[in-house]
Every structure is written in structure tokens, then in C-alpha cells.
1. At 25 °C and 0.890 mPa s, what whole-number value in µm²/s does Stokes-Einstein give for the translational diffusion of the chain, with Rh from the Kirkwood sum over Cα pairs?
2. Tell me the per residue accessible area of the chain using a 1.4 Å probe; a whole number in Å² is fine.
3. Specify the angular offset, from 0 to 90 degrees and rounded to the nearest 10, of the alpha carbon long axis of helix 91-101 from the longest principal axis of the alpha carbons in the chain.
4. Between Lys63, Lys22, Lys43, find the one with the highest GNM mean-square fluctuation for the chain; connect C-alpha pairs within less than 10 Å.
5. How big is Rg to Rh over the stretch 43-103, alpha-carbon atoms, Rh as the Kirkwood inverse-mean-distance radius?
6. How about the stretch 64-103: which trypsin sites (Lys or Arg not before Pro) there lie in a loop by DSSP and see at most 16 other Cβ atoms within 10 Å?
7. Can you tell me the dipole magnitude for the chain around its Cα centre, using point charges on the Cβ only (Lys, Arg +1; Asp, Glu -1), in Debye to the nearest 20?
8. How many percent of the accessible area of the stretch 9-97 is carbon or sulfur, using a 1.4 Å probe?
Amino acid sequence: MDAVVEHLTEVEEAAEDVLTTKQQIVDLDSKRNKNREALNALKTEMADSDQEQLEKEINDLHKELKAKVNHLNEMQGNPELRGYNLSPLSTGEIKAMNSIFKI
């Protein structure tokens, strides 16, 4: 009889061990998913930051290019280009337009 009780105790301990391990897996999986979401959010923030920096650099180069083209035209005796001093909409202006037109 003692052997049966001992065997049942061992089975119960093994079952508890299995349940504990399963719960650890669930907990770790939940943490992994939260980390994955956080990493994606960080990547998005980094991509947005990189995009803003690239847009700034491109706009700065466009401004430099306009001045250089005007200088070249002046040196060659050509008239200044008309309509060339237009500047593109900023990201904020585009977002505002999109919200107005609900695009």
C-alpha cells in the first residue's frame, strides 16, 4: 500500500512539474510577444527619425542646387529660371492636407 501512495505522490509531483513548465512557457511567450511589439515600435520610431533626417538633407540639397543653378545661369548670361523657386510641401503640410481631404 505504501508503494501505491508513493507512486501516486511521484505521479502528482511529475504532473505539477509539467504544469509548472507549461506555465513558464506561457509566461515567457507573453514576454517575448511584448518584446517583439516593443522592438517593432522602436524600429518604426527609428525609421521615422531616419526618414525625417533624409527629408531634411534632401531639402537642404535642393536649396543649394537652386542657388548653384541660379549662379550658373547668371555666369552664362541666362535669365533666372521662373517657377524654380517653388518648394515642396513639408511632411506636416502633407499630413494636414491629407486630414483635410481625408486621404
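The values are calculated or read from the model by the stated rules, or taken from the named source; none is laboratory data. Just so it is clear, the model here is predicted, and its values are computed rather than measured. Ideal geometry is used to build each Cβ from the backbone, glycine not excepted, and the neighbour counts take in all protein chains shown. Just the protein is used for accessible areas: all its heavy atoms, side chains included, with ligands, DNA and RNA removed. Shrake-Rupley method; radii C 1.70, N 1.55, O 1.52, S 1.80 Å.
1. 119 µm²/s
2. 93 Å²
3. Between the helix axis and the principal axis of the chain, the angle is about 80 degrees.
4. Sorting by GNM fluctuation, first place goes to Lys22.
5. Here Rg/Rh amounts to 1.16.
6. Passing sites in the stretch 64-103 are Arg82, Lys102.
7. 1320 debye
8. 57 percent
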